[in-house]
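Participant: Next up is a structure, given as structure tokens.
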Amino acid sequence: MIKSLFILNTGGDVVLEKHWQGRTGRNIISQFWNEFTKENRTKDLPPIVRIRRQTIVHMRKYNLLYLIVADQDTSPLMFIEFLNRVIEVFSNFFSTEPTETSVKENLPKAFELLGEMMDNVFPVTTETSMLKDMIGATMKSTPNTIENSKKFVTLSSDQVGGLPWRRKNINHSPNEIFFDIIESINATIERSGKCLNSEIISKINCESKLSGMPTLTMVFNNSSILEDVSFHQCINLDTWERRKILDFVPPDGAFELLSYRSNRMQTQIPLYTSGRFSWSKKKRKGKFEVILQLRNSLVKSIDNVSVLIPLSRGCSSPAVKTSNGAAFFNDQTFELKWEIKKMPKNKEVTLKGSIKLPNKGEIPREKPVAIITFSIEGLCMSGLKVTNLNISNLKKKIFKGVKFISKSGNFTLKF
Amino acid sequence: MSKAFQKDTQAQKNLNLIAKLESDNETKVFEGMTTLVGMMSQGYEVLEFFPSVVKLVASPNLKIKKLVYIYLDQHAELNPDLALLSVSTFQKDFQNREQLIRALSLRVLSSIRVPSISQIILLLAQQAVNDSSPYVRKTAALAIPKVYGLNKDHEENLIELISALLKDKHPMVIGGALAAFNQVCPDKFELLDEHFRKICSLLVDCDEWGQIIAIKTLLRYSRTQFVDPRLFDSSEESDHMKSGGDETNFFSTDSEEEKPEEAEEKESKKPKYKMDPDHKLLLSSTIPLLKSRNSAVVAEVCNLHFYLAPRSELRVIAKALIKLTKREAPVQYVALSTISTISKKFPKLFSSNYKEFFVLQPEPLYIKTLKLSILTQLVGLANVYALTKELRAYVKSENIQFVICAIQSMGQIASHMKEVRDTCLTILMNLISHKSQKVAGESIVSIKKLLQQNVDEHMDVMKHLTKMIDIVVEPSARSSILWLVGEYCHKIPLIAPDVLRKLAKTFRNETNIVKLQVLNLGSKLYLRNKKQTEKLFEYILTLSKYDTNYDVRDRARFIRLLLVNPKSKLDNAKLEKIFLSEKPLPLWNDNDETSEFVLGTLSNILKIRLSGYQELPKFPEVAPVNETRKNSTYGVKKKEASKRKSKKHRKRQKQLAKESPFFEDEKFWEESGSGSGSYSGTGSYSGSGSFSGSYSGSGSYSGSGSYSGSGSYSGSGSYSGSGSYSGSGSASHSATRKNVEKNPKSGSAHNSGSGSYSGSGSYSGSGSFSGSYSGSGSYSGSGSYSGSGSYSGPGSYSGSEQKQSNQVNSEKENSKNNLLDLSGLDMFGSNTNTNNNTSSQISSLDFTSNSNYQQNSVKVEFPMKTLVEKSREGGVDISYRISRTPSLHPGYTPIRLYIKNKNRNPVKNLKIAEPVPDNIISFQPISNLNPDQSYQTILYINFNSKTQPISFQIKSESELTNCRITPTTGELLIKPLSFDENEFDNEVSKLSGMSALKQQLQSIESLKPQEIKEKIIEIANVCQINSKEEKLKFVGKTGSSDMVYIIIDSNTLSIHSTNQFMIHLISKDIKNALKN
């Protein structure tokens, strides 16, 4: 069970600590930090480790390191999801990402939130809307409100026991709701340009500014795409099971409505990729070439495509030639980055070059990979479309919008 | 000097802070508290402020109070004496009207870890369990383990509380109750028996953390209740699985191998296995949770299915787990370890998805190694070539640790799949010259193991290896080569002695394990080829004699005594047996300890047994007979269960969203329906699980249909809710029965309704009703409802009778089935029914729910009062009565309004005029009311425990009217849900002096106890307690949670309560009522 939570900055200093059951000394944190910063372990240290007969679950987000100290056995994922909720709630309350600065600015609020979110090692209230009702108003520290806060105006009794994700009496003007369908493609491409395996991991983000208690129904053209899906708790599972329609009362503000995974692709991968890489033992050199081309029929243009090639340590300044865009070599991280501001139509763009290996040492056995990132607006790779979005229980004029974004997830080219 | 200065400033700061805290100005105090909490969150020592802070606990300012609570929460145990000062404030706050304050005070008080207050917390928790707010009840549940932690003596009381909380029907409370159960009495499974079905059906509505706890608990519970479904997997099925997996697997472990015999054995004994319906229910009601966004919930469901579901139904969890591996690294890590454990037992589950486990370069090492171990388990004929190709790429990685893992995997795969053995050996041979000695060593170890399996085929590899002894440095690799040479020295007679010669030269510089292997090689050669090696061996033994390591010295002495010593009595044959015996084939280190720990625990991930780890109970060989569970009223049929659940879910959403009174009422009906345990419990409906299930499933609709007076089943559009014919049939049975039961007592009650159901005439009169009614044979037989002798008999509703009548009425059944279909479509439209229809529905609901609620008490007629007369409101008549249905808005009393338009024109847009007062929750505006149409709706008013009238205005498009509603004292009370006599007596004994009143009643002798009871219940919303004594005992609760206890003993009336005002009012009313 969760004993304590520590939030550390990038230097290993404690930004915030909260204890639910007695106090956990800080020496466990310094010991963890030693472990964590050991050579090569920052990335490779498993998220759950055992230190001083205590279990530590750690997670990194926005340059902060969250540590949970536990002494009893329970579901490991519960810790991880609790941390996720903490981060989610913090960003909603601070109205910015929880970074070192924003947490420090909001220390009492953060502390109070953590107190509400967990009761004796058991997570209780983790929904932003409910938490807002519970403490939102009490923490505004302007003197005027202090004097008038004898009455707990915002502690509405209806909230508890109602819809945990939505408060009553929400008012917005104008009323609007926007959906972003973001599809990320994970793919491994062979050097010939053949796709080894690919999948789409997608989510629908929603930004809702609606008054009252609106009920939304969303109909898709091809709901079978959403076979492997996870829903936000507001979605009525039953209607989905029976009619394959989303039926929900949305939370207020930004939230992730659902996420899905699909192996089937309606379209081709929008970017054709191929390349070569070879080590030459004699010259102690590596020669490489990367070719990108738009699959024209689908997309008009893609902006900001980038190709990143992490090279082995000790490599030195490559000679690079590009047909479009510019390529830079970072001699700290040994990464070569090629950026193309605007992909032209009907034309291949190429990157050619060579790198030098250090004079001593073995020739690496492994060839590097190229990691490609891109993002295309208005394209939906899985073919999912919203055919109908209906809002009932709200009489006002509503602006609604659905936007598609296709982007690269883990998109690698194997030479 | 500077340090001293710093200290000074710090001290100064602290003084300033104390001054702020003790200031009279609230703003300053608040500032001070904020600073203090900020300091706490950074780990500063703030104990010195304790005296100043503890004073503030009584502050009327809630913002300050909350901060003080936060402070006390963390520091009280360090200063228990001072902390005790604050306890009385907590107790006071616990009486607050705001549920959040009540919950907060209980939560903080219970977090104070001072053992001496455990009794106080216990008392508050006992009160909180009966609180009207589910949030407070949940907090009470979470306080239970804290009390338990402080003082184990309270265990019995706590278990009582837990079992009371388990009865709760609010999904929010169930999670907390189960969490307490897990910490206080995790093995008292009998507590769960009667709630099992309820928990299953509430699962979807629980919050995510409650779901996790519930699933964990249900898993352990089920392991003690049901038999292992996999014992009965027929061989056919598993064949099917095999073909589904489309390849043979080589890593399937024991369970797989012992299965055929087991199955045969079982088949002969118990040819057929039928899964317990509850077992099935649990499995089916957890499946929807796989769509949760909370990975912990998904993983728990997967674990549950892994341990409980039959083998053939596991595919669904495989998919869910794979999806989890696409999440962020920590989630992926846990999901992969789970998959790794599962695939050890059921490799076929994942084998078609092996590509999902291909390693990606940027992944952290812990993910890569887990993926490798899974891939190794999934290897089969279909994917072996692809896997080998992947592994060939992996061993080229820069990460040494990863390469080593890849080599081990390759070794394992090659040893099991002879198809790729040559390829793998080649790859491994190439790795011997790897720049990293560790990699080289690992590959040699793998090669060694592979060679052992079939050395004759691979002599070339063998010879190559012996040459490597000059190059390889890694001790484990060198010793492996030496072992191989020694083991197969007879197959390489020319090379082996030469190897020994080389090693003799370098012996002094070798590490210990290599030295031991040299001795080993030497002794083997000495036996096989004495001539060539005797001298060499002698030399090595001498060297060993003076070695620094005692293992080496020891071994040398041992060998010398056995082999070289001429006095040795052993002959050659025996020596050969000692040194050259046949070795068993090597085992690959399957680190099997993972399967020892239950999935979904930290222990399983860390492979260490942590404190708090709970072992999973073993399946019983024979399922225990569990009458309590079987007789519980929640549905059995899978379909029904899920339908009802979902319906409820939908309804809850809608109702909460819209605040529509219709739905609230329906909801209540449903709850009361499903909670009608008393019916089946009393045995009159003996043990018909299906009956009660279907009743609760569809009761609301069919009930409404039969009462609606519209007389036809098509009116009750949602008849199909139950989904099965017999189900719905029995549902209406129950509804009618209740009606019958009540008729004699409360005929007037529904007569006084809006007139939509005009006495019993409407029942018998409506031909369509009795016609469509399947069991109508028995009804028409009896002729009238009042002569219900046959219904009250306990066995008269047995299933067989139903069946019979079903057969008789098969024609009607058909027609009804059609109706079912039709009404299925109508389900969504049920909220769009016409006003007329819904209103009648409401009234009937109200009627039945009342009856249901007061199952063991008296049916009371609530007096109807006029709110608006027609002369004043454009022809609209409004009357009302205070409804005693439990309110969905805590603290608010539901008022049922009966509206009738007596005008010639339709009335439009009738609603409560704005601004709606704070203490009123309005009904939904009535958009249109035609002439002569009547309508019913519910209004909620918070009377605030006062008998003062509440005024408001009702507005239509044309008019505005003032209204006022005055409650009677008795209606200010709320009936507590459950109360037992001991508790009653206990509480009463505590209330004396000012809190008690004793009076003589006059002219009471003429009344029978039954009549007294009726009268009391008529004037006050109280609940009668079943008493063993002759006294009549009643209990009620005010809006501010003060309990009121009433006792009538022959002609003495005593009333006990903390609220003296209430005592006064109630006693007056009771006396008045009993006078007449």
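The values are calculated or read from the model by the stated rules, or taken from the named source; none is laboratory data. None of the values given here were measured: they were computed from a predicted structure. All Cβ positions, even for glycine, are placed from backbone atoms using ideal geometry, and neighbour counts span all protein chains on display. For the accessible areas, the whole protein counts, side chains as well, though only heavy atoms, and no ligand, DNA or RNA atoms are used. Shrake-Rupley method; radii C 1.70, N 1.55, O 1.52, S 1.80 Å.
Participant: Would you work out what percent of the accessible area of chain A, with all protein chains in place, is carbon or sulfur (probe 1.4 Å)?
Facilitator: Ligands and nucleic acids excluded, carbon and sulfur give 45 percent.
Participant: In addition: Evaluate peptide B:1041-1054: per residue, the Cβ atoms of other protein chains within 10 Å of its Cβ; return the mean as an integer.
Facilitator: Per residue, the number of nearby Cβ atoms from other chains is 0 on average.
Participant: Over region B:150-236, what is the relative contact order in whole percent, taking alpha-carbon pairs under 8 Å and six or more residues apart?
Facilitator: RCO, region B:150-236: 30 percent.
Participant: Ok, one more. Would you mind checking which residues have amide H under 5 Å from A:GLY353's amide H? H placed 1.01 Å from N; only 5 or more apart, or other chain.
Facilitator: For A:GLY353, whose amide H was placed from the backbone, the distant partners under 5 Å are A:PHE288, A:LYS321.
Participant: DSSP loop GluC sites (Glu not before Pro) in region B:31-114 with at most 16 other Cβ atoms within 10 Å of their Cβ, which ones?
Facilitator: Passing both the DSSP loop test and the Cβ count: B:GLU45.
Participant: Can you compute the modelled spin-label distance between A:GLU105 and B:LYS55, with each label point 7 Å from Cα toward Cβ, in nm?
Facilitator: It works out to 3.5 nm between the two label points.
Participant: In percent, what relative contact order does region A:271-377 have, based on Cα pairs under 8 Å that are 6 or more apart in sequence?
Facilitator: Relative contact order, region A:271-377: 36 percent.
Participant: Over 25 Å between Cα atoms, which of A:LYS347/B:LYS326; A:LYS203/A:LYS385; A:LYS283/B:LYS438 qualify?
Facilitator: Those over the limit are A:LYS347/B:LYS326; A:LYS283/B:LYS438.
Participant: How much accessible area per residue does region A:2-126 have, in Å², with a 1.4 Å probe?
Facilitator: Value returned for region A:2-126: 34 Å² of accessible area per residue.
Participant: Pick out, in residue order, every one of the GluC sites (Glu not before Pro) in region B:932-1015 that is DSSP loop and has at most 16 other C-beta atoms within 10 Å; say none if there are none.
Facilitator: B:GLU957, B:GLU959, B:GLU1005
Participant: Listed highest first by mean packing, meaning other Cβ atoms within 10 Å per residue, what order do B:323-333, B:922-932, B:508-518 come in?
Facilitator: The densest-packed peptide leads the list: B:323-333, B:508-518, B:922-932.
Participant: Per residue of A:45-57, what is the mean number of Cβ atoms on other protein chains within 10 angstrom of that residue's Cβ?
Facilitator: 4
Participant: Arrange the peptides A:330-343, B:179-192, B:617-630 so that the one whose residues have, on average, the most other Cβ atoms within 10 Å appears first.
Facilitator: B:179-192, A:330-343, B:617-630
Participant: For the pair A:GLU348 and B:ASN430, what calculated FRET efficiency results from E = 1/(1 + (r/R0)^6), where r is the Cβ-Cβ distance and R0 = 51 Å, to the nearest 0.05?
Facilitator: 0.90
Participant: Convert each backbone phi in region B:86-92 into a coupling constant with the Karplus relation 6.51 cos²θ - 1.76 cosθ + 1.60 (shift: θ = phi - 60°), then list the ³J(HN,Hα) values in order as whole Hz, x for Gly and Pro.
Facilitator: Couplings: 7, 4, 5, 5, 4, 4, 5 Hz.
Participant: Determine the alpha carbon to alpha carbon distance for each of A:LYS18/B:LYS216; A:LYS194/B:LYS344; A:LYS18/B:LYS291; B:LYS167/B:LYS975; B:LYS146/B:LYS1037; A:LYS287/A:LYS337 and list only those over 25 Å.
Facilitator: A:LYS18/B:LYS216; A:LYS194/B:LYS344; A:LYS18/B:LYS291; B:LYS146/B:LYS1037
Participant: Moving on to the next point. If you take each beta carbon of peptide B:596-606 and count the beta carbons of other chains within 10 angstrom, what is the mean?
Facilitator: Mean partner-chain Cβ count within 10 Å for B:596-606: 4.
Participant: Over region A:271-377, average the accessible area per residue using a 1.4 Å probe and give it in Å², no decimals.
Facilitator: 56 Å²
Participant: Related question: What pairs in B:LYS355/B:LYS449; A:LYS321/A:LYS367; A:LYS367/B:LYS319 have C-alpha atoms more than 30 Å from each other?
Facilitator: From B:LYS355/B:LYS449; A:LYS321/A:LYS367; A:LYS367/B:LYS319, over 30 Å: A:LYS367/B:LYS319.
Participant: To continue, here is another question. Let a ≥ b ≥ c be the square roots of the eigenvalues of the Cα gyration tensor of region A:2-126; is it rounded (a/c under 1.5), or, if not, prolate (a/b larger than b/c) or oblate?
Facilitator: Judged from the Cα gyration tensor, region A:2-126 comes out oblate (a/c at least 1.5, b/c at or above a/b).
Participant: Whole-Hz Karplus ³J(HN,Hα) for region A:357-370, in order, using 6.51 cos²θ - 1.76 cosθ + 1.60 and θ = phi - 60°, x for Gly and Pro?
Facilitator: 3J(HN,Hα) across region A:357-370, in whole Hz: 8, x, 5, 9, x, 7, 6, x, 7, 8, 8, x, 10, 10.
Participant: Now for a separate question. Can you compute the charge dipole magnitude of region A:271-377 about its Cα centre, using +1 on each Lys and Arg Cβ and -1 on each Asp and Glu Cβ, nothing else charged? Give it in debye, rounded to the nearest 20.
Facilitator: 600 debye
Participant: What nm value, rounded to one decimal, do you get for the distance between B:TYR613 and B:HIS490 when each label is placed 7 Å out toward the C-beta?
Facilitator: Result: 4.6 nm between the two label points.
Participant: How much length, in nm to one decimal, is gained on full extension between A:SER173 and A:LYS360, taken as 0.36 nm per residue of separation minus their Cα-Cα distance?
Facilitator: This chain segment gains 60.5 nm when fully extended.
Participant: Kindly state, to the nearest 0.05, the FRET efficiency for A:GLU207 paired with A:ASN393, given R0 = 25 Å and r defined as their beta-carbon distance.
Facilitator: 0.85
Participant: Let me ask you something else. For chain A, set up a Gaussian network in which alpha carbons nearer than 10 Å are linked by springs, and say which option among A:CYS206, A:CYS234, A:CYS195 fluctuates the most.
Facilitator: A:CYS195
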